[in-house]
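In what follows, a single structure is set out as C-alpha coordinates and then discussed.
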Amino acid sequence: MKDSEMVAALGELGTRVERTNDLLRRMLAEVAKTPSTHAIFVDAGYVYAAAGLLVTGTEDRRSFDLDAEGLIEAFIDKARTIFADSRLLRVYWYDGARRRIHTPEQQAIAELPDVKVRLGNLNANNQQKGVDSLIRGDLESLARHRAISDAALIGGDEDLVSAVEAAQGYGARVHLWGIEAADGPNQADPLLWEVDSQRTFDLDFCRPYITRRAVTTYENEGAPPPSRDEVRFVGARIAATWLAERGRETMAELLPGHPYLPGPVDQDLLIEAERVLQRSLRGHAVLRRALRDGFWQHLQAQY
(Lines give C-alpha, C1' and ligand atoms only; values in the text may rest on other atoms or scores of the structure.)
Protein backbone atom coordinates (compact mmCIF):
# COMPACT_ATOMS: atom_id res chain seq x y z
CA MET A 1 0.00 0.00 0.00
CA LYS A 2 1.33 3.43 -0.94
CA ASP A 3 2.00 5.98 1.76
CA SER A 4 -0.75 8.24 0.43
CA GLU A 5 -3.28 5.38 0.54
CA MET A 6 -2.25 4.48 4.09
CA VAL A 7 -2.67 8.07 5.22
CA ALA A 8 -6.10 8.20 3.63
CA ALA A 9 -7.13 4.90 5.27
CA LEU A 10 -5.93 6.07 8.67
CA GLY A 11 -7.79 9.32 8.21
CA GLU A 12 -11.00 7.48 7.39
CA LEU A 13 -10.53 5.19 10.38
CA GLY A 14 -9.95 8.20 12.63
CA THR A 15 -13.15 9.79 11.32
CA ARG A 16 -15.13 6.63 12.08
CA VAL A 17 -13.67 6.43 15.59
CA GLU A 18 -14.57 10.05 16.21
CA ARG A 19 -18.12 9.45 15.00
CA THR A 20 -18.42 6.44 17.30
CA ASN A 21 -17.08 8.41 20.24
CA ASP A 22 -19.48 11.23 19.49
CA LEU A 23 -22.41 8.78 19.40
CA LEU A 24 -21.34 7.28 22.73
CA ARG A 25 -21.03 10.75 24.28
CA ARG A 26 -24.55 11.63 23.16
CA MET A 27 -25.92 8.33 24.45
CA LEU A 28 -24.27 8.81 27.84
CA ALA A 29 -25.55 12.37 28.03
CA GLU A 30 -29.09 11.13 27.28
CA VAL A 31 -28.82 8.41 29.92
CA ALA A 32 -27.59 10.96 32.43
CA LYS A 33 -30.70 13.08 31.80
CA THR A 34 -33.04 10.12 32.27
CA PRO A 35 -34.12 9.93 35.92
CA SER A 36 -34.00 6.63 37.76
CA THR A 37 -37.34 5.18 38.80
CA HIS A 38 -38.49 3.28 41.89
CA ALA A 39 -41.64 1.44 42.89
CA ILE A 40 -43.01 0.30 46.25
CA PHE A 41 -44.39 -3.23 46.64
CA VAL A 42 -46.56 -3.75 49.74
CA ASP A 43 -47.69 -7.16 51.01
CA ALA A 44 -50.81 -5.87 52.80
CA GLY A 45 -51.25 -9.12 54.74
CA TYR A 46 -47.80 -8.67 56.26
CA VAL A 47 -48.44 -4.99 57.06
CA TYR A 48 -51.79 -5.68 58.75
CA ALA A 49 -50.40 -8.54 60.81
CA ALA A 50 -47.08 -6.96 61.81
CA ALA A 51 -48.33 -3.41 62.42
CA GLY A 52 -51.51 -4.62 64.15
CA LEU A 53 -49.52 -6.83 66.50
CA LEU A 54 -47.01 -4.08 67.20
CA VAL A 55 -49.56 -1.35 67.95
CA THR A 56 -52.61 -3.20 69.33
CA GLY A 57 -51.24 -6.60 70.33
CA THR A 58 -53.30 -8.56 67.78
CA GLU A 59 -53.00 -9.58 64.13
CA ASP A 60 -56.79 -9.82 63.73
CA ARG A 61 -57.89 -7.18 61.21
CA ARG A 62 -61.34 -7.05 62.77
CA SER A 63 -59.84 -5.64 65.97
CA PHE A 64 -58.35 -2.46 64.49
CA ASP A 65 -58.58 -0.01 61.62
CA LEU A 66 -55.65 0.75 59.32
CA ASP A 67 -55.34 4.19 57.75
CA ALA A 68 -54.05 2.78 54.47
CA GLU A 69 -54.04 6.14 52.71
CA GLY A 70 -51.93 7.74 55.43
CA LEU A 71 -49.56 4.78 55.62
CA ILE A 72 -49.07 4.66 51.85
CA GLU A 73 -48.29 8.38 51.84
CA ALA A 74 -45.75 7.79 54.61
CA PHE A 75 -44.10 5.05 52.54
CA ILE A 76 -43.97 7.37 49.53
CA ASP A 77 -42.40 10.15 51.61
CA LYS A 78 -39.80 7.74 52.99
CA ALA A 79 -38.96 6.52 49.47
CA ARG A 80 -38.69 10.13 48.29
CA THR A 81 -36.07 10.69 50.97
CA ILE A 82 -34.10 7.51 50.30
CA PHE A 83 -34.26 7.66 46.50
CA ALA A 84 -33.72 11.41 46.27
CA ASP A 85 -32.81 11.49 42.57
CA SER A 86 -35.49 9.02 41.52
CA ARG A 87 -39.14 9.33 40.53
CA LEU A 88 -41.95 7.10 41.81
CA LEU A 89 -43.53 4.79 39.27
CA ARG A 90 -46.34 3.70 41.58
CA VAL A 91 -47.21 1.80 44.78
CA TYR A 92 -48.36 -1.80 44.35
CA TRP A 93 -50.71 -2.96 47.14
CA TYR A 94 -51.12 -6.76 47.30
CA ASP A 95 -53.99 -8.23 49.31
CA GLY A 96 -56.44 -11.13 49.32
CA ALA A 97 -60.19 -11.14 48.70
CA ARG A 98 -62.95 -13.68 48.20
CA ARG A 99 -63.03 -14.56 44.49
CA ARG A 100 -60.69 -11.58 43.98
CA ILE A 101 -63.58 -9.13 44.34
CA HIS A 102 -62.52 -5.84 45.95
CA THR A 103 -63.88 -5.09 49.40
CA PRO A 104 -65.03 -1.48 49.97
CA GLU A 105 -61.75 -0.84 51.80
CA GLN A 106 -59.68 -2.26 48.93
CA GLN A 107 -61.69 -0.28 46.41
CA ALA A 108 -60.96 2.94 48.32
CA ILE A 109 -57.24 2.11 48.26
CA ALA A 110 -57.39 1.37 44.53
CA GLU A 111 -58.80 4.86 43.93
CA LEU A 112 -55.77 6.53 45.51
CA PRO A 113 -53.37 8.25 43.07
CA ASP A 114 -50.25 6.29 42.10
CA VAL A 115 -51.60 3.11 43.74
CA LYS A 116 -52.32 -0.20 42.02
CA VAL A 117 -54.24 -2.83 44.02
CA ARG A 118 -53.49 -6.42 43.06
CA LEU A 119 -55.62 -9.18 44.60
CA GLY A 120 -54.92 -12.80 45.35
CA ASN A 121 -57.60 -15.13 46.67
CA LEU A 122 -58.69 -16.01 50.21
CA ASN A 123 -59.29 -19.67 51.05
CA ALA A 124 -61.75 -21.00 53.60
CA ASN A 125 -59.22 -20.37 56.38
CA ASN A 126 -58.88 -16.68 55.42
CA GLN A 127 -55.35 -17.35 54.14
CA GLN A 128 -54.02 -15.43 51.15
CA LYS A 129 -53.31 -17.46 48.02
CA GLY A 130 -51.43 -16.25 44.96
CA VAL A 131 -50.12 -12.98 46.41
CA ASP A 132 -46.44 -13.98 46.30
CA SER A 133 -46.70 -14.95 42.64
CA LEU A 134 -48.30 -11.58 41.83
CA ILE A 135 -45.40 -9.78 43.52
CA ARG A 136 -42.84 -11.86 41.66
CA GLY A 137 -44.58 -11.28 38.32
CA ASP A 138 -44.65 -7.51 38.74
CA LEU A 139 -41.13 -7.22 40.12
CA GLU A 140 -39.64 -9.37 37.39
CA SER A 141 -41.57 -7.69 34.57
CA LEU A 142 -40.72 -4.15 35.65
CA ALA A 143 -37.06 -4.99 36.15
CA ARG A 144 -36.84 -6.83 32.82
CA HIS A 145 -38.25 -3.85 30.93
CA ARG A 146 -35.98 -1.43 32.82
CA ALA A 147 -39.08 0.34 34.17
CA ILE A 148 -37.53 0.54 37.64
CA SER A 149 -34.03 0.78 39.01
CA ASP A 150 -34.99 0.31 42.68
CA ALA A 151 -37.77 -1.63 44.39
CA ALA A 152 -38.86 -1.13 47.99
CA LEU A 153 -40.42 -4.42 49.09
CA ILE A 154 -42.51 -4.46 52.26
CA GLY A 155 -43.05 -8.05 53.34
CA GLY A 156 -41.51 -10.93 55.19
CA ASP A 157 -42.40 -14.25 53.53
CA GLU A 158 -39.55 -16.51 52.44
CA ASP A 159 -41.49 -17.19 49.22
CA LEU A 160 -40.56 -13.65 48.13
CA VAL A 161 -36.90 -14.67 47.73
CA SER A 162 -37.54 -15.81 44.15
CA ALA A 163 -39.11 -12.42 43.36
CA VAL A 164 -36.02 -10.64 44.69
CA GLU A 165 -33.68 -12.89 42.70
CA ALA A 166 -35.68 -12.38 39.52
CA ALA A 167 -35.58 -8.57 39.80
CA GLN A 168 -31.90 -8.51 40.69
CA GLY A 169 -31.17 -10.71 37.70
CA TYR A 170 -32.26 -7.84 35.47
CA GLY A 171 -30.20 -5.25 37.32
CA ALA A 172 -32.74 -3.77 39.73
CA ARG A 173 -31.82 -3.20 43.36
CA VAL A 174 -34.31 -4.53 45.92
CA HIS A 175 -34.62 -2.91 49.34
CA LEU A 176 -36.52 -4.80 52.04
CA TRP A 177 -38.64 -2.72 54.40
CA GLY A 178 -40.22 -4.26 57.48
CA ILE A 179 -42.30 -3.54 60.57
CA GLU A 180 -40.62 -3.78 63.97
CA ALA A 181 -41.26 -7.27 65.34
CA ALA A 182 -43.45 -7.30 68.45
CA ASP A 183 -42.93 -10.97 69.24
CA GLY A 184 -40.10 -12.78 67.46
CA PRO A 185 -38.83 -12.19 63.91
CA ASN A 186 -41.45 -11.38 61.28
CA GLN A 187 -39.20 -11.57 58.20
CA ALA A 188 -37.55 -14.74 56.94
CA ASP A 189 -33.75 -14.90 57.17
CA PRO A 190 -33.27 -16.04 53.54
CA LEU A 191 -35.18 -12.94 52.43
CA LEU A 192 -33.01 -10.70 54.61
CA TRP A 193 -29.87 -12.27 53.18
CA GLU A 194 -30.93 -11.82 49.56
CA VAL A 195 -31.91 -8.13 49.41
CA ASP A 196 -29.61 -5.17 48.75
CA SER A 197 -30.57 -3.20 51.86
CA GLN A 198 -32.90 -3.38 54.87
CA ARG A 199 -34.98 -0.85 56.80
CA THR A 200 -37.36 -1.30 59.76
CA PHE A 201 -40.28 0.94 60.76
CA ASP A 202 -40.74 1.21 64.51
CA LEU A 203 -43.73 1.67 66.81
CA ASP A 204 -43.67 5.47 66.59
CA PHE A 205 -43.83 5.28 62.81
CA CYS A 206 -46.76 2.81 62.76
CA ARG A 207 -48.86 4.10 65.68
CA PRO A 208 -50.57 7.02 63.86
CA TYR A 209 -52.04 4.66 61.25
CA ILE A 210 -53.51 1.95 63.53
CA THR A 211 -56.63 2.49 65.66
CA ARG A 212 -58.12 -0.19 67.89
CA ARG A 213 -61.83 -0.69 67.32
CA ALA A 214 -64.24 -0.22 70.19
CA VAL A 215 -65.78 -3.38 71.65
CA THR A 216 -69.28 -3.85 70.25
CA THR A 217 -72.12 -3.54 72.74
CA TYR A 218 -75.74 -4.48 72.15
CA GLU A 219 -78.87 -2.76 73.40
CA ASN A 220 -80.69 -5.97 74.39
CA GLU A 221 -77.95 -7.54 76.51
CA GLY A 222 -80.34 -7.60 79.49
CA ALA A 223 -82.96 -9.62 77.62
CA PRO A 224 -83.20 -13.41 77.90
CA PRO A 225 -80.72 -15.19 75.62
CA PRO A 226 -82.04 -16.62 72.34
CA SER A 227 -83.05 -20.26 72.20
CA ARG A 228 -80.79 -22.93 70.73
CA ASP A 229 -83.21 -23.40 67.82
CA GLU A 230 -83.07 -19.68 67.04
CA VAL A 231 -79.26 -19.69 67.09
CA ARG A 232 -79.13 -22.90 65.04
CA PHE A 233 -81.35 -21.23 62.42
CA VAL A 234 -79.02 -18.22 62.32
CA GLY A 235 -76.07 -20.57 61.76
CA ALA A 236 -77.87 -22.13 58.79
CA ARG A 237 -78.68 -18.67 57.37
CA ILE A 238 -75.04 -17.65 57.56
CA ALA A 239 -73.96 -20.86 55.84
CA ALA A 240 -76.41 -20.15 53.00
CA THR A 241 -75.17 -16.57 52.65
CA TRP A 242 -71.52 -17.62 52.63
CA LEU A 243 -72.21 -20.26 49.98
CA ALA A 244 -73.59 -17.54 47.72
CA GLU A 245 -70.85 -15.01 48.52
CA ARG A 246 -67.76 -17.18 48.85
CA GLY A 247 -68.59 -19.90 46.35
CA ARG A 248 -69.17 -23.64 46.66
CA GLU A 249 -65.55 -24.54 46.04
CA THR A 250 -64.30 -22.34 48.88
CA MET A 251 -66.91 -23.64 51.31
CA ALA A 252 -66.24 -27.26 50.31
CA GLU A 253 -62.72 -26.85 51.68
CA LEU A 254 -64.25 -26.79 55.17
CA LEU A 255 -65.92 -30.20 54.92
CA PRO A 256 -62.89 -32.42 55.74
CA GLY A 257 -62.54 -30.61 59.08
CA HIS A 258 -66.04 -31.43 60.34
CA PRO A 259 -67.08 -30.98 63.14
CA TYR A 260 -64.37 -28.35 63.70
CA LEU A 261 -64.10 -24.99 61.97
CA PRO A 262 -60.76 -23.24 61.40
CA GLY A 263 -60.20 -20.49 63.98
CA PRO A 264 -60.64 -17.52 61.59
CA VAL A 265 -63.81 -19.00 60.09
CA ASP A 266 -65.24 -19.76 63.53
CA GLN A 267 -64.59 -16.17 64.57
CA ASP A 268 -66.25 -14.85 61.40
CA LEU A 269 -69.27 -17.05 62.12
CA LEU A 270 -69.51 -15.81 65.70
CA ILE A 271 -69.23 -12.14 64.75
CA GLU A 272 -71.81 -12.43 61.99
CA ALA A 273 -74.22 -14.30 64.28
CA GLU A 274 -73.85 -11.63 66.97
CA ARG A 275 -74.59 -8.97 64.37
CA VAL A 276 -77.77 -10.77 63.27
CA LEU A 277 -78.93 -11.53 66.81
CA GLN A 278 -77.83 -8.13 68.15
CA ARG A 279 -76.40 -9.70 71.27
CA SER A 280 -73.14 -11.29 72.36
CA LEU A 281 -72.72 -15.06 72.40
CA ARG A 282 -69.43 -14.88 74.31
CA GLY A 283 -69.65 -17.03 77.40
CA HIS A 284 -72.59 -19.05 76.01
CA ALA A 285 -70.88 -22.31 75.05
CA VAL A 286 -74.17 -24.16 74.45
CA LEU A 287 -75.43 -21.48 72.07
CA ARG A 288 -72.13 -21.38 70.20
CA ARG A 289 -72.37 -25.15 69.68
CA ALA A 290 -75.90 -24.67 68.37
CA LEU A 291 -74.60 -22.00 65.99
CA ARG A 292 -71.97 -24.36 64.59
CA ASP A 293 -74.51 -27.21 64.37
CA GLY A 294 -76.82 -25.07 62.24
CA PHE A 295 -73.95 -23.98 60.07
CA TRP A 296 -72.74 -27.56 59.48
CA GLN A 297 -76.24 -28.96 58.91
CA HIS A 298 -76.92 -26.53 56.10
CA LEU A 299 -73.46 -26.90 54.59
CA GLN A 300 -73.55 -30.71 54.54
CA ALA A 301 -77.04 -30.67 53.05
CA GLN A 302 -75.65 -28.89 49.99
CA TYR A 303 -72.98 -31.49 49.17
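The values are calculated or read from the model by the stated rules, or taken from the named source; none is laboratory data. Note that the structure is a prediction, hence the values are computed from the model and not measured. For neighbour counting, all protein chains shown are included, and Cβ atoms are generated from backbone atoms with ideal geometry for every residue, glycine included. Protein only, heavy atoms only, side chains kept; ligands, DNA and RNA dropped before computing areas. Shrake-Rupley method; radii C 1.70, N 1.55, O 1.52, S 1.80 Å.
Below, the figures for the structure above:
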read-out: Top-ranked residue in the range 63-73 [being part of a helix (DSSP H, G or I) and touching a helix residue (DSSP H, G or I) at 6+ places or on another chain (Cβ under 9 Å); ranked as modelled with the lowest pLDDT]; value: Ser63
read-out: Residue in the range 213-224 that is open to solvent by less than 60 Å² (accessible area, probe 1.4 Å) and modelled with pLDDT of 90 or more present; value: no
read-out: Search result, residues across the range 138-150 that are touching a residue at least 24 places away in the same chain (Cβ under 8 Å) and either in a helix (DSSP H, G or I) or in contact with a Phe, Trp or Tyr (Cβ under 6 Å, 6 or more places away or on another chain) (or both); value: Asp138, Leu139, Glu140, Leu142, Ala143, Arg144, Asp150
read-out: Residue in the range 247-262 that is farthest from Gly120 (Cα to Cα), counting only those that are touching a residue at least 12 places away in the same chain (Cβ under 8 Å) and open to solvent by 30 Å² or more (accessible area, probe 1.4 Å); value: Pro259
read-out: Hits in the range 42-58 - residues which are touching a helix residue (DSSP H, G or I) at 6+ places or on another chain (Cβ under 9 Å), outside any strand (DSSP E or B) and crowded, with 16+ Cβ neighbours inside 10 Å; value: Ala44, Gly45, Val47, Tyr48, Ala49, Ala50, Ala51, Gly52, Leu54, Val55, Thr56
read-out: Matching helices (runs of 4 or more DSSP H) fully within the range 188-303 where at least 2 residues are over 26 Å from the mean Cα position of the chain (by Cα) and more than 24 Å from Ala97 (Cα to Cα); value: 228-246, 285-301
read-out: Some residue of the range 164-178 being surrounded by fewer than 21 Cβ atoms within 10 Å (Cβ to Cβ), free of Cβ contacts under 8 Å to residues at least 24 places away in the same chain and polar (S, T, N, Q); value: no
read-out: Cβ-Cβ under 7 Å pairs, at least 6 apart or on other chains, the range 62-81 side in contact (Cβ under 8 Å) with a residue 12 or more places away in the chain and closer than 18 Å to Phe41 by Cβ, far side open to solvent by 40 Å² or more (accessible area, probe 1.4 Å) and part of a helix (DSSP H, G or I); value: Leu66/Tyr209; Leu71/Tyr209
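Rundown of residues vs (1) modelled with pLDDT of 95 or more; (2) out of contact with any helix residue (DSSP H, G or I) (no Cβ under 6 Å at 6 or more places or on another chain); (3) open to solvent by 40 Å² or more (accessible area, probe 1.4 Å), yes/no style:
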site	(1), (2), (3)
Val17	no, yes, yes
Glu30	no, yes, yes
Arg61	no, no, yes
Trp93	yes, no, no
Ile101	no, yes, yes
Gln106	no, yes, no
